[in-house]
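Report on one structure; see the data block that follows.
Quick note: the coordinates plus some simple rules give every number you see, no bench work behind them. Everything quoted here is computed from the prediction, not taken from an experiment. All Cβ positions, even for glycine, are placed from backbone atoms using ideal geometry, and neighbour counts span all protein chains on display.
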Amino acid sequence: MKQYLDLCNRIVNEGEWVKNERTGKRCLTVINADLTYDVSKGEFPLVTTRKSYWKSAIAEIIGYLRGYDNAADFRALGTKTWDANANENDVWLNNPYRKGEDDMGLCYGAIGRNFPKPDGGHIDLLKQIVDDLSRGVDNRGEILTFYHPGAFHMACLRPCMYSHHFSLLGDTLYLNSTQRSCDVPLGLNFNMVQVYVLLAIVAQITGKKPGKAFHKIVNAHIYEDQLELMRDVQLKREPYPLPTLKINPEIKSLKDIETWVTMEDFEIEGYQFHEPIAYPFSV
Ligand SMILES: Nc1nc(=O)c2c([nH]1)NC[C@@H]1CN(c3ccc(C(=O)N[C@@H](CCC(=O)O)C(=O)O)cc3)CN21
Ligand SMILES: O=c1ccn([C@H]2C[C@H](O)[C@@H](COP(=O)(O)O)O2)c(=O)[nH]1
C-alpha cells in the first residue's frame, strides 16, 4: 500500500502535464515506477484508502488467461470494466474489424493464447509456459506477451500490462510484469491485484512455490478530472493493514482455469477499507 501511495504522491508533487490525444484529456505524468509484491509472504497489494473492487480485477485477469475477446464474457465472469472500451469509443465503433456489440477485437488473451506466427499458424504462449514450468523448465524466455503491433488496428485498445515473464530459481517461481501505460487511480488498483494473482495461480497450477512479483510501470498518470479526488480525498486518508487472499486449492491446472473457475474460488480475509471514491473513467 505504501508503494502505491508513494507513487500517487510522486505524481501529484513531481508529475508533468501531458496532453493525451486519444482521450482528449491532460494527464499528470511521471515515467518509470517499480513495485514489488512478496507473494511468498502473502502481501496482497489491495488498496485500502478507498473501497477496491478486487473481484472485478481478478475476473479481468482470468478472462485474459482464457483468451476472451468480448466484454459480455467478462461480464459473465464478474466485471463490467470492458463495456466502455468495447461499446462507447467512436474510433472503435467505426472500425471495420469490430465484430459487433461487445467485441474488443484482437487484444490481450486473444493474442497471447493464439499468437500469430509469420510462417503461418498460431502459438498458445500460456500453455507452452505452463507446460515448461510444470516440468521444472525455465528457458529464460517464458514470456506471456499480449503485445502485437501488427494487430493494434484490429483492437479496441492496445494492451497496457502487456508482458508477463516467469522465472524459476529451484522450485520458486518469480514474475516480472511490464505495463506501458497506467491510469493510477483506476487501473493500478486492478493491475497490482492482477500481478499478484497471476504469480500465485500459475505457481499453484505448476506445483511451484510463489516468490516475488516485480511490476514495472513506464507511463504512470492521473487524468486531469481525477486529480482533485486523489490529492484532496484519497491521499489524506491513513491506510489500513493489508488483507490476505485465499485461492481455492482445488484449482490445479490450466484446464481448471479455462473451464470451471469462478470468482467464488477467491476469498479475501481482513479487508478494512475507507469509503468508496468514484473516479471518472476516460474511454
Ligand atoms: N482510462 C482507462 N483506465 C483503465 O484503467 C482502463 C481503461 N481505460 N481501459 C481498459 C481497462 C479497463 N479497466 C478498468 C475499467 C473500469 C474501472 C472502473 O470503473 N473501476 C471502478 C469500479 C469497478 C467496479 O465496480 O467493478 C473502481 O472504482 O475501481 C477499472 C478498470 C482498466 N483499464
Ligand atoms: O490494465 C489496464 C488497462 C488500461 N489502463 C489505462 C492506462 C491508460 O490510461 C488507458 C489506456 O490508454 P492508452 O492511450 O492506450 O495508453 O487505460 C490501465 O491503467 N490498466
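Just a few scattered comments:
- Converting phi to 3J(HN,Hα) with the Karplus coefficients 6.51, -1.76 and 1.60 and the offset θ = phi - 60°, region 129-142 yields 5, 5, 5, 4, 4, 4, 8, x, 9, 10, 8, 6, x, 7 Hz in sequence order, with x at every glycine or proline.
- Region 169-232, relative contact order in percent, only Cα pairs under 8 angstrom and at least six apart counted: 52 percent
- When the Cα gyration tensor is reduced to axis lengths a ≥ b ≥ c, the ratio a/c is 1.5 or higher for region 136-283, and with a/b not above b/c it is classed as oblate.
- The chain, dipole about Cα centre (Lys/Arg Cβ +1, Asp/Glu Cβ -1), debye to the nearest 20: 380 debye
- Karplus 3J(HN,Hα) series, Hz, for region 205-210 with 6.51 cos²θ - 1.76 cosθ + 1.60 (x for Gly, Pro): 7, 9, x, 10, 8, x
- A simple charge model with +1 on the Cβ of Lys and Arg, -1 on the Cβ of Asp and Glu and nothing else charged puts the dipole of region 1-123 at about 240 debye relative to its Cα centre.
- In order along region 230-243, phi translates into HN-Hα couplings of 5, 5, 9, 10, 4, 6, 8, 8, 8, x, 9, x, 6, x Hz, rounded to whole numbers, per the Karplus curve 6.51 cos²θ - 1.76 cosθ + 1.60 with θ = phi - 60° and x for Gly and Pro.
- About its Cα centre, the dipole of region 77-209 is roughly 280 debye, where the only charges are +1 on Lys and Arg Cβ and -1 on Asp and Glu Cβ.
- For the pair Lys25 and Lys51, a Förster radius of 41 Å applied to the C-beta separation gives a FRET efficiency near 0.95, rounded to the nearest 0.05.
- Available extension along the chain between Lys2 and Ile123 is 39.7 nm, counting 0.36 nm per residue and deducting the alpha carbon span.
- Under-5 Å amide H pairs with Ser181, H placed in peptide plane, nonlocal only: Val218, Asn219
- Prolate/oblate/rounded call for the chain, Cα gyration tensor, a/c under 1.5 rounded: oblate
- Exposure proxy ranking, count of Cβ atoms within 10 Å, fewest first, for Thr79, Thr29: Thr29, Thr79
- Residues in region 262-283 that a label on Lys80 would reach, taking backbone N under 17 Å of a point 7 Å out along Cα→Cβ: 276-283
- Cα lying deepest toward the dipole's positive end in region 45-107, options Ser52, Met104, Thr79, charges on Cβ: Ser52
- Each Cα pair under 8 Å and six or more residues apart adds its separation to the average, and for the chain the resulting relative contact order is 27 percent.
- Within region 174-209: backbone nitrogen closer than 12 Å to the Ile268 label point (7 Å, Cα to C-beta): 189-194
- Note on Lys246: lysines with a C-alpha under 27 Å away, same-chain residues under 8 apart excluded, are Lys2, Lys41, Lys51, Lys55, Lys80, Lys127, Lys208, Lys209, Lys212, Lys216, Lys255.
- Counted residue by residue at 0.36 nm each, then reduced by the alpha carbon distance between them, the extension gain from Asn95 to Asp225 reaches 44.0 nm.
- DSSP bridge analysis restricted to the chain gives an antiparallel fraction near 80%, rounded to the nearest 5.
- Amide H contacts under 5 Å for Trp82, placed H, 5+ residues apart: none
- Each part reduced to its alpha carbon centroid, region 230-258 and region 136-168 end up 23 Å apart.
- Sorted by Cβ density within 10 Å, fewest first, the residues His165, His215: His165, His215
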